[in-house]
1. What's the exposure ranking of Trp502, Trp173, going from fewest to most Cβ atoms within 10 Å?
2. Between the stretch 462-485 and the stretch 343-370, how many Å separate their Cα centres?
3. What is the sum of charges, Lys and Arg at +1 and Asp and Glu at -1, for the other residues whose Cβ falls under 12 Å from the Cβ of Glu548?
4. Just how large is the dipole of the chain about the Cα centre, in debye to the nearest 20, putting +1 at every Lys and Arg Cβ and -1 at every Asp and Glu Cβ?
5. Around Arg735, what is the net charge, scoring Lys/Arg as +1 and Asp/Glu as -1 over all other residues with Cβ under 12 Å from its Cβ?
6. Given the C-alpha centroids of the stretch 677-725 and the stretch 7-69, what is the distance between them in whole angstrom?
7. Can you give me the distance in nm between label points at Glu479 and Ser418, each placed 7 Å from the Cα along the Cα-to-Cβ direction?
8. Could you calculate the contour length gain from Val567 to His429, that is, 0.36 nm times the residue separation minus the distance between their Cα atoms, to one decimal place in nm?
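Since every read-out is calculated from the coordinates, none of them should be taken as a lab result. Keep in mind it's a predicted model, so treat the numbers as computed, not measured. Using ideal geometry, Cβ is built from the backbone for each residue, glycine included, and neighbour counts are taken over all protein chains shown.
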Amino acid sequence: MALHDHSNQFFQLAARFVNQTNRDIFLTGKAGTGKTTFLKYIREHSSKKLAVVAPTGVAAINAGGVTLHSFFQLPFGAFVPSLHNSWNNQQVINNPHTLLKNLRLSNDKRELMRELELLIIDEVSMLRADLLDEVDIVLRHVRRKAHTPFGGVQMLYIGDLFQLPPVTKNDEWEILKEHYKSPFFFDAQVLQQSPPLYLELKKIYRQHEADFIGVLNNIRNNQVTEADLERLHQHYRPGYQQQDTENYITLTTHNAKADTINQHQLQQLPGELFEFKGEISKDFNEKALPADRVLQLKAGAQVMFIKNDKGESRRYYNGKIATIDRMREDKIYVRFPDEPVELELEKEVWRNIRYQYNKEKDNIEEEELGTFTQYPIRLAWAITIHKSQGLTFNKAIIDAGASFAPGQVYVALSRLTSLDGLVLYSRIHPHCIQTDERALAFTRTEKPEDELLQQLQEDQKVFIARTLLQSFDWTKLSEGFREHYGDYEQLTVPDKSEAVQWAHGLLKNIVQQQDMAVKFTRQLEQLQPEAEQDQFRFLHQRIAAASEYFLRSLDETIGSIQQFIDVVKLKPKSRKYLNILRQLLLLPERKKQELLQAVRITTGLEKGENATDLLQAEEEQRMSMAVQPEQAEEKKPAKPPKGETRRISLQLFKEGKSIGEIATLRGMAFSTIESHLSSFITTGEIGITAIVDEKKLDTIMKTIDSLPPGGATPVKHQLGDGYSYGEIRAVMQYREWIQQTAGS
C-alpha cells in the first residue's frame, strides 16, 4: 500500500483504519500533532453513522458533541461491573443490574443507538474506566448483542494519556480498586476483551526545536536527565516582570490565582471598562459555557482566542494571544504581536446539540437545542494549566510553585512553540514530573509501522467480508415490515381491512426473501475464505447471480408499495398514512443499494483492485449519495470557486507545505490536493518533479507508452501499490503538456 505523505503518514493510516475497517482505535499523539484536526477530518470525511461524545460538558461543546452521560442517560456516581451491591457512605454504587433497571431511553434514543456505527470519544484521558464499562453495557443491551463489545459499534478514542488524568474521589476509588487496575479508560473490563489498536500521530506541528522536543519526550517517558532540567532551568527567572509589549501568558495551577492575576492587570489599565454580554438561546447549560457569560475588557487588555478561525484565512487559532486595540458600542478591535493589521472581531456561536436518527435520509443528524453567542476571547494574562490543554502559546510564564501534580509539567511546557518563549517562576523538581507508569505501560502496546500496515490490510479484508454479508442480511428489512404490520392495531387508515391484508401479504413476501437470504449467507460464509484462490471469480459470479435474484424480488416489493401509495392517495384523510408508507418504501430501496454495492466490490476484487482503492471508491460513493439536493444547495455558497480553491492549495504548496499538510490544514482528501496541484503542471506553475519523484516519473512514462491509450486504471494495475492514482494522473497531464508544447 502506498503511503501518500510520508510526513503525515500516521494521520492517513488512522483515517483508513476508521473509515475502511471496523477496528477500535485509540488515537493519540504528543501535544500539537493534530488530534483535534483528525476529529474534524473524520466528521467531514466519514460516511459512517457517527456521534461524538466527551466526558465533560465543556469538552463536549468544544468537540461539537454531547456528554457521555446525556447520550447514554447514565447515572452519576461510580459503577462496579459485578452484580453484587456495593455501598459507599450510605449510597448505592451502580452495577449492571441497577444501571439497566433504571435506564430510561425513549424509542428515538434506542433507534439512534441501534443505527450507530462509529462512536468517537474525545478527551478520553479524562474518561474513567467504570464509565466506559457502563457505555458498553448500555450498547450491548439496546443493540441486543449481549456478547459483542459495545454491541458492535466501532470505537474511536482520542486523547493524550500524558496530560491530566481522570478524577476519582478517594472514597469511590476504595470501591473501584477492587475491580479496576487504574482509573484510566484502558483498564475498563470491556477493553480487556476488546483492546483498541494504539495509533500515534507522529508529526509535531507545534514545536520545531529538536532539543525542546527531546526534553518533552523525556518528560513524557519518565526519562528526564540532569541535562534536561538544566536546559529548562536556563529559563528560571523568579519574580520576572514582563514589559507591556511582551505578551506573555502565565500558566498557574488554580483558577483563583489565574482570576486574581487577570483582574489585577485589568484594573491597572486606564480607560473605560466595557462589558460584552454573551447570549444564551433556548437550552444551553450555564455550567458548560466555553467563554465568559459577561466579558469585561479595557483597551490594552491582553486576550486569548478560544476558538479557531473559520474559513481559509485562519487569522487566529485557539490560544493565539492578542491585545485589545479599541472598542465602541458592540464592536471589538484587536492587534496581534508583530502584525500591523487591526482585526475586527466577530461573535462566535457554540451549539448545544443532541443526536437523532433520520429514517428518511438514513443518517444521524445533529438537532440544535440551544446556542451560546459571545466573542471568542478571554482575558489572558493568566490561565490554569488544566484549561490550557490543547492550546498553543509563543510565550508563557509557568508559575506552579511546589504544587505541580503529575502530568501538569508536561501539559504546561508542551503548550509552547519553543523554549525561547519560556519563563519559569519556580524550579522543576524531578518528583514533580513522574508520568503514571500504567499510562506508560499502555503506550508499549503500540505496534511497529510495518505491523500496522499489515494489520490494516487484514482488517480491510475483514471489513469487505462483513460488508458483503451485511448486503444479504434481511434483519432490518424484516423487522421494519413486521413493525409496520403490527402497527395497524393502532393506526387509523381508510379501508383498514384491505390495508391489513395487503401488509400481511407484503410481510409474507419479505419473510420468504429473508429465508433465501439466510441460506445464501451461509454459502457466502463458506465461499469467502477460499475466494482469493481464483482471484474472486466464483465469489463474484455467485454474488452477481444472487443480487440479480434479490433485486427482482425487491423491485416487486417496491412496485407493490408504490401501487398501494397511488391508491391511498385518492382516499380522504390519508396524509399521515401516506408518510408511513413512504418511510416503508425506503427499506427495500436501501437494500437494493447494498446489493449493488456488493456487486461493485466483487467486480473490483475480480479485476485485482487493491482494498484501499476499492474501499475509498465506496466511501466516496456513499458520501455523494448522503448529500441531499437541498444540502448541496446550502453548502454551495460557502465553498470558494473551483479555480480559487486550487489557487489556495498552490499558494500553501509554494510556502513549503507538503501535500499531506495541505490536506490536513484544509480538511480535504490527499487525492483532492494532488488534483489541485496537478492542474498547474499544464500551466507551467508547478514542475512535475515537485509532485512525482524522478525515478517514478520515468517508470510511469514508460508504462503509459507501453499500454494502449486509456485512463489511469490500467497503468495503476500494471505498476502496483507503489504508485498512486494521483501520481499517474499528474504524469498524464505532464505528457499532455509536453505534446501541446511540442505541437505549438
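1. Least to most surrounded, the residues fall as Trp173, Trp502.
2. Spelled out, the Cα-based centre of one part sits 29 Å from the other.
3. +2
4. So the magnitude is around 1240 debye.
5. 0
6. 33 Å
7. 5.8 nm
8. Gain on stretching Val567 to His429: 41.5 nm.
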